[in-house]
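Below you'll find the structure, written out as C-alpha cells, and then a few comments.
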Amino acid sequence: MHDTYIPKWHRELELFSAVKPLIILEGNVLDYYRYPVQGSIPEDELVSLPRYLHAFLQDSGYQQVVFYSNLVGFMNPYAPGMTEHFASLNGGEVKQGAIPAEFKGAKADSAPNIIRRAMAQQKAATASVMELASHYIVNPDRMDQQDVNSFNLLLQSALSAATVRTPQGRRQNLLILMVSKLNDLPAWFYLNNPVCKSIVLEAPDREERKRLISGSAFPSFFDSTVYRTDMPYYQQHPEELERLREKFVGLTEGLTFTELDAMRRLSKQECTPIRDLCAVVDLYKYGIKENPWETLSMDSLRTAKQDFEKRIKGQDAALERTLDVVKRAVTGMNGLSSSSTAKPKGVLFFAGPTGTGKTETAKALAEKLFGTESACIRFDMSEYAQPHADQKLMGAPPGYVGYEAGGQLTNAVKKNPFAILLFDEIEKAHPSIFDKFLQILEDGRLTDGQGHTVYFSETVIIFTSNLGMYVKDALGQRRQNVTMDMDYPEVEKRLRQAVDEYFKLELGRPEILNRIGENIVIFDFIREEAGQAILRSQVDKIIRRMEEQKSVHITVTDKAYEQLKSAALADLSNGGRGVGNQVEALLINPLARWLFDNGVTGDADVTITAFDTAARPPAVQCTAKEDPAHA
C-alpha cells in the first residue's frame, strides 16, 4: 500500500464490482488520481481514471480489460495485447491497435453487441469500460430507436453476465460506464435495476488533499534550490509547517487533483518560497493580481472609524460592529471556528431604517479596503424577484437563452475577485436565490452556468434590508414596529427579532441566518444631532464644490442657516436621504435659479441672507459681489 488511506469511491468499487455486473461511475471522471495500491503505477503519480481502472481491474483478477470510446472503438493503451485477445474471443477486427465499433444500432459489429458477447462468454474474466458515456446520445429523454436498442443491449448484457473461474477466484464479467452526470443516461437504464450500482466520484476530500501536501509529493511543489534553502527552518519549526499545510488544505477545498497538480507545477515554475505556498492558490484562482488584503495598512484601519464618521453620521454602534468583522478578516481570524477556510472574508447583514447610511457604509468600506468605491459592486435584489432569477445572477445553463453571457454576479467576481458585494434589499429576492447564497457563504465558491468555478474567498458580502420596520398584527394589517421615540437598544432588539422571524418562520431558511451568525448590524434612526451633522456636511460640500468648479464663493449667514436647518430637520423619518432631498429642494434648486436669473456664472462672491421656505417653489435671498479682477 502507498498508505492506509483509500478513497471512499475506491472501496465502494471494490465492494460492488464483486456483486454487480453493471457499475456507473459518475461525477469527477475527468480528473487524475493517485492509485493507492503499490504495483504497476509509481507511488504518488497522478494518473487518469482509465489507467487507474486498468490497474484496479487487473489487481482484482480480471484477465481482459478493454476501454471503449465511440470515436475510436475498443482498445487498451496500457496493455495493447489485450485488444487482440478481446477481438479473438468476442469478435471484431483490430485496425491500428483498436477494434472500430459504432455505438448505435443492433448490427453484430456494433459496440453493444460486442459487449454483449464479452459479458456472456466464460473463457476469460472480462471488464469493459465505456469512457465518456455522457456523449453517446444527445438527449436521454428524446432517443431514437437505435439509441434505445443500444442501451437495451447493454442492459441485457448486464442481466445475463457470466461468472468466470480465475486463479484469484470467481469473477463476474463487468461493464463500467463513466459519465459526468447520472441523468446523461436514460433513467430506465439505471432506475430499479437490480444489477446496477452508481458510484459518485467527488473532488478530493480534506484527507486526500492533506496527504498530497504532506507526503513524498510535497518537495515537488518547490524548485529544488528553494526547497533545500527553506526546508531546514521548517524542520526546526514543524508547527509552522503544519499550520501552512492546514491553511493550504482549507483554501483548496473543492479543487480537483488535476487542479492541485497544476498548482504544484505553477508553484515550482514560479520558484515560490515555502512560506508563500498559499499565495499560489490565489495565483491559480485569480491569475496575476495583487492581493489588497496583503497590502492593507494597519495604520489605515486604526483610523477607519474616524474616517467613516466623516461620511456616516450617528451610527457609532453600527460602524464599530462593521469594523470588528473587517479587522477579524485582516488579522486572519475569520473562519477560525469553521471547518472551511475558503469562506468569504466577511459577511454582514445591515438592517435598519431607510436613509441611515447602510449603502454609504459599504462604499466607505470598499474605499478603505480596496482604494476605490468602485470595488463596491451593488445588486438591487428587487430585480431578482422572479422565478429563475438566479440564472441572471449565476448564468443560464447550456441550451438556454443567455448562456453565452454568463451571470451578472459570477462575471463581476471573475473580473474583480477582491470586492465588496452589496446585495440591497435582500428580502425582495426570489427564495431560489437563497440556495445559491447558502453555497457562497458556506463554501466560498459557486459554479456558473458555463461550468466555471467562481471563488468568493477574497470578498466581503453585505446584505442590506429594511426588515422589521413594519410588521403585521393579528389581523394581517401592517403596523410600524420601531419609531424614532425608541432608544437604540430597543430598536436593535426589535429589528433583530424581526430578521430572525423572517428567516426562520416566513422564509423557512434558518440555515441562512446561521451562516450570517452574529454579524447582523442594526443602524439607528437619524436623530437630531446626526441630522445636524449631515446637514452641515452637505452644505459645506456644496460651498466647497462651487468654489472649486466655478470660483463662486458662497457664504450662508447664521440667520439663513438656522432657517434652512429648521426646515430640513423638521422631519427625519426619511433619514439622511431625506435631509439630502431637503437640501436639494431648499438650497440647490433656488440657488441655481438665482444664479441663472442674475447672470452669475463664475468668479463671484455670493451671500445667502435668507431662505423663503414657505414660497412654492422655495426661494433664496442673495447678494452678489463680482470679483474685482473679473469686473
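For a 27 Å ceiling on Cα separation, which of these pairs sit above it: Lys268/Lys327; Lys313/Lys565; Lys327/Lys472; Lys436/Lys504? Mind dumping the intermediate values first?
Details: Lys268/Lys327 33 Å; Lys313/Lys565 16 Å; Lys327/Lys472 38 Å; Lys436/Lys504 18 Å.
Going by Cα-Cα distance, Lys268/Lys327; Lys327/Lys472 fall outside the 27 Å limit.
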For Lys20, which aspartates and glutamates qualify as cross-link partners when the Cα separation must be under 17 Å and same-chain residues fewer than eight apart are set aside? Glu12
Alpha-carbon Rg with Dmax, taken over region 528-630, Å: 13.6, 47
Using alpha carbons only, how many degrees (0 to 90, rounded to 10) separate the axis of helix 432-443 from the longest principal axis of the chain? 80
For the chain: relative contact order, % (alpha-carbon pairs under 8 angstrom, 6 or more apart): 10
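Find how much the distance from Thr163 to Ala108 grows on full extension, using 0.36 nm per residue of separation minus their present alpha carbon separation; answer in nm with one decimal. Numbers along the way, then the final one.
Numbers: separation 55, 0.36 × 55 = 19.80 nm, distance 2.28 nm.
Gain in length upon complete extension: 17.5 nm.
What do you get for Rg/Rh of region 91-224 when both radii come from the Cα atoms and Rh is the Kirkwood radius? Provide the component values of the computation, followed by the final result.
Numbers: Rg = 19.1 Å, Rh = 17.5 Å.
Expressed as Rg/Rh, it is 1.09.
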Percent of Cα-Cα pairs per 20 Å bin, from 0 to the last occupied bin, for the chain, please list those. 15, 35, 29, 14, 6, 1
Length released on extending from Glu442 to Glu242, taking residue separation times 0.36 nm less the Cα-Cα span: 69.6 nm
If you take the Cα atoms of region 206-286, find Rg, then find the Kirkwood Rh from the mean of 1/r over all pairs, what is Rg/Rh? 0.92
Mind listing the Cα extents of region 298-522 along all three principal axes, in Å, largest one first? 55, 53, 32
Convex hull of Cα atoms in region 23-116, direction-averaged projection (nm²): 6.8
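Restricting the count to DSSP beta bridges whose residues both fall in the chain, what percent are antiparallel, rounded to a multiple of 5? Don't jump to the answer; show the numbers that get you there.
Numbers: 26 of 69 bridges.
Antiparallel: roughly 40 percent of the beta bridges in the chain.
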In bins 10 Å wide, starting from 0, what share of all Cα pairs of region 113-163 does each bin hold, as a percent? 24, 48, 24, 4
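For region 8-201, take the alpha-carbon Rg, divide it by the Kirkwood Rh, and send me Rg/Rh. Please list the in-between numbers first.
Details: Rg = 15.5 Å, Rh = 16.7 Å.
My calculation of the ratio gives 0.93.
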So what does log10 I(q)/I(0) come out to for region 99-139 at q = 0.20 Å⁻¹, using the Debye formula with one equal point on every Cα and no solvent? -0.69
Can you list the aspartates and glutamates whose alpha carbon sits under 14 Å from that of Lys104, skipping same-chain ones fewer than 8 residues off? Asp144, Asp147
Where does the chain land at 222 nm, in deg cm²/dmol rounded to the nearest 500, when only DSSP H runs of n ≥ 4 count, each adding -39500 (n - 2.57), divided by all residues? -12000 deg cm²/dmol
Helix 316-330 versus the longest principal axis of the chain: what angle, 0 to 90°, nearest 10, using Cα atoms? 30
If each residue of separation counts as 0.36 nm, what is the full-extension length gain between Ser88 and Ser300 once their alpha-carbon separation is subtracted? 68.6 nm
Mind checking the angle between helix 81-90 and the chain's longest principal axis? C-alpha axes, 0 to 90 degrees, to the nearest 10. 70
What are the ³J(HN,Hα) values, in whole Hz, obtained from phi via the Karplus relation 6.51 cos²θ - 1.76 cosθ + 1.60 with θ = phi - 60°, for each residue of region 223-236 in sequence order, with x given for Gly and Pro? 4, 4, 5, 4, 5, 5, 6, 8, 5, x, 4, 6, 5, 7
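Read-outs: derived from the displayed coordinates by stated rules, not from any lab. No experiment lies behind these values; they were computed from the predicted model shown.
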